[in-house]
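**Q** I have a structure I would like to understand better, so I am pasting it below and will then ask my questions one at a time.
What follows draws every value from the coordinates through simple rules; no lab data is involved. Keep in mind the model is a prediction, meaning the values are calculated, not measured. Cβ sites come from the backbone with ideal geometry, for glycine too, and all protein chains shown count toward neighbours.
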Amino acid sequence: MNLLVGLGAWTLDQLRGWGHAALFFAEMLRAVPASLRRFSLVVAQIYAIGNRSLVIIMASGLAVGFVLALQMYYALSIYGAAESLGLIVNLSLVRELGPVVSALLFAGRAGTSLTAEIGLMKAGEQISAMELMAVDPKARVLAPRLIGGIVALPLLAALFSAVGIMGAWVVAVKLIGVDAGNFWSIMQTQVDVWRDVGNGMIKAFVFGVICTVVALYQGYETQATPEGVAYATTRTVVISSLWILGMDFILTALMFSTP
Amino acid sequence: METTLPFIEFDHVSFGYDPSRLILEDISLKFPRGKVTAILGGSGCGKTTLLRLIGGVHAANKGRVMFDGELINTRNKSQLFKMRSRLGMLFQFGALFTDLSVFENVAFPLREHTKLPQAMVRDIVLMKLNAVGLRGAADLRISEVSGGMARRVALARAIALDPELIMYDEPFAGLDLISMGVAAKLIRTLNDVTGATSLVVSHDVRECMSISDHVVLLANQGRIVAQGTPDELMNSTDPETRQFVRGEPDGPVKFHYPAPELAADFGLKA
């Protein structure tokens with residue numbers, strides 16, 4: 001009986017949490033038009049959030065491109081298909097690795113930063129001060145960051161893929177000696193801008209929404225203590241990562257289930 | 001509107017963040033218009049919670065909180081924001097926006113709520129900063145100002161829109177004697193010059209008594225121990241009031257948190 005009661009309480013607790021998060025998201029969306037009227041804040045956030053993640057995204061993209069080219073070359077050359085290297089690298093990056101790895105890095109870099117920033121604003125009573133000055137913190141603080149995150153992540157994912165392809169080119173063409181013309185031309189003929197690049201961008205957009213909403217929610221709802229902020233930043237990474245991986249499977253199944 | 005009406009009124013208000021553990025229980029209070037009222041009491045007696053209820057940050061579990069004769073309804077956001085635009089609050093640690101300069105912090109409410117031209121915003125901000133003695137610090141970053149200065153910047157921000165009600169949450173906490181004297185003088189002067197209603201939450205008896213027109217002494221669960229003029233409280237014969245205003249460590253308010261007998265805790269008693 002105790003187990004049943006415990007399970008019921010846990011379920012109610014979870015539902016309450018989900019409801020609360022959904023309301024938070026709805027309120028933030030409602031604040032978007034008001035935040036667009038403060039457009040300079042939105043631009044500042046796109047710059048701040050995107051810029052914060054630039055170095056890690058480019059470094060990771062380059063490293064992934066290097067490794068991908070090496071691994072794929074050895075695998076493909078077994079079957080005499082090394083000329084497909086450019087295509088495999090490109091599709092892997094624009095469809096999967098670009099959006100997913102960028103989003104995971106984004107959650108760890110910009111997401112935690114957003115959570116800590118909002119959490120510390122709350123701990124320092126800046127959010128309460130804003131409310132008491134009749135300024136809606138959702139419109140003034142959260143919505144510009146939401147837009148910033150949603151705009152920045154697809155750009156970062158595109159950059160990740162571009163740098164990754166350049167990295168793969170360096171390894172494949174310059175180091176291994178794969179034919180450069182073949183490396184590029186197979187991409188031009190086989191990669192579809194809507195089906196491959198477009199769907200990759202849609203994924204990055206969805207992940208941008210997930211990462212930013214999770215980060216802002218965790219920051220806004222954190223307990224205003226050092227432990228609370230530390231716990232919230234950890235939760236941002238864990239929850240965002242699980243959501244990204246889960247949603248990636250669903251989106252991939254929806255987008256690429258037919259050849 | 002009759003000016004004799006209290007500006008803020010608590011009518012049988014009960015409140016607890018967890019409704020089973022009330023911080024304020026059935027409290028009824030009136031704060032007179034245009035006066036400086038000090039709300040004194042020990043830590044955790046619900047002083048700051050009173051201010052939060054007035055600001056509509058939380059809703060009372062029971063009873064009504066009235067602002068200038070109007071019920072504060074936390075569910076009606078537009079009414080709440082309209083009411084909040086008539087008040088200014090000084091937070092205990094200033095709550096300044098750390099990403100903005102001193103100037104921009106004071107300009108914040110003006111930029112959010114008015115469409116004044118930049119030149120006028122500048123003049124108003126400098127006037128407010130001048131009133132708190134920090135005109136010269138306008139360009140400093142928040143990380144460059146001391147605790148006492150931060151409190152004064154926050155005060156300049158709180159009065160930027162000339163509010164009808166100014167609430168001060170522990171304005172003297174952590175200040176040196178000079179800063180404390182400056183803060184007390186500012187609160188009194190601002191009230192006299194602007195005619196605003198001021199509520200000062202503090203446990204600094206001496207400073208509060210020196211600047212207040214009316215004093216309310218609270219105990220746990222917001223129980224009102226005494227209220228009246230500073231002189232009435234200072235000369236009170238009530239043991240609890242005397243203990244608080246004289247700062248005696250033991251009396252009706254016990255020094256020790258409730259505990260078993262000392263002998264029993266040390267195993268000296270069977």
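**Q** With each run of n ≥ 4 DSSP H residues scored as -39500 (n - 2.57), what mean residue ellipticity at 222 nm is computed for chain B after dividing by its residue count and rounding to the nearest 500 deg cm²/dmol? It would help to have the intermediate numbers written out before the result.
**A** Working: 10 runs with 96 residues, N = 270.
When only DSSP H runs of four or more count, the value is -10500 deg cm²/dmol.
**Q** Give me Rg/Rg_expected for the protein assembly as shown, where Rg uses Cα atoms only and Rg_expected = 2.2 N^0.38 Å with N residues. The partial results should precede the final answer.
**A** Numbers: Rg = 29.9 Å, N = 529, 2.2 N^0.38 = 23.8 Å.
It is 1.25.
**Q** Right, something else. Treating the angle as unsigned and between 0 and 90°, give the value, to the nearest 10°, between the Cα long axis of helix A:39-78 and the longest Cα principal axis of chain A.
**A** The two axes meet at around 40 degrees.
**Q** For chain A, modelled as a Gaussian network with Cα springs under 10 Å, which listed residue fluctuates most, A:G86, A:G167, A:G124?
**A** A:G124
**Q** Report, as a whole number in µm² per second, the diffusion coefficient that Stokes-Einstein gives for chain A at 4 °C and 1.567 mPa s using the Kirkwood radius over alpha carbon pairs.
**A** Numbers: Rh = 19.9 Å.
Diffusion coefficient, whole number: 65 µm²/s.
**Q** In what order do B:D139, B:D213 fall by count of nearby beta-carbon atoms within 10 Å, going from fewest to most?
**A** Working: B:D139 10, B:D213 15.
With the sparsest Cβ surroundings first, the list reads B:D139, B:D213.
**Q** Also, quick follow-up: I'd like the FRET efficiency for A:R195 and A:L120, computed as 1/(1 + (r/R0)^6) with the beta carbon distance as r and R0 of 56 Å, rounded to 0.05.
**A** On the way: r = 43 Å, r/R0 = 0.77.
With R0 = 56 Å, the Cβ-Cβ based efficiency is 0.85.
**Q** Same structure, new question: Given the options A:I210, B:M127, A:N199, identify the residue whose Cα lies farthest towards the positive end of the charge dipole of the protein assembly as shown (+1 on Cβ of Lys, Arg; -1 on Cβ of Asp, Glu).
**A** My answer, from the dipole projection, is A:N199.
**Q** Which order do A:T11, A:T112, B:T74 fall in if you start with the one that has the fewest other Cβ atoms within 10 Å?
**A** Taking fewest neighbouring Cβ atoms as first place, the list is A:T11, B:T74, A:T112.
**Q** Based solely on its DSSP helices, what 222 nm [θ] is calculated for chain A when runs of n ≥ 4 H residues each add -39,500 (n - 2.57) and the sum is averaged over all residues, nearest 500 deg cm²/dmol?
**A** Details: 11 runs with 200 residues, N = 259.
Taken over chain A, the calculation gives -26000 deg cm²/dmol.
**Q** Please report, in debye to the nearest 20, how large the charge dipole of chain B is about its Cα centre when each Lys and Arg carries +1 at its beta carbon and each Asp and Glu carries -1 there. Don't jump to the answer; show the numbers that get you there.
**A** Details: 30 positive and 31 negative charges, 145 e Å.
Once rounded to the nearest 20, the dipole reads 700 debye.
**Q** In addition: Based only on other Cβ atoms within 10 Å, what is the fewest-to-most ordering of A:M201, B:M209?
**A** Numbers: A:M201 20, B:M209 17.
Lowest count first: B:M209, A:M201.
**Q** Describe numerically, in nm with one decimal, the distance between label points set 7 Å from Cα along Cα→Cβ at B:R135 and at B:R122.
**A** Label-label distance for B:R135 and B:R122, simple model: 1.4 nm.
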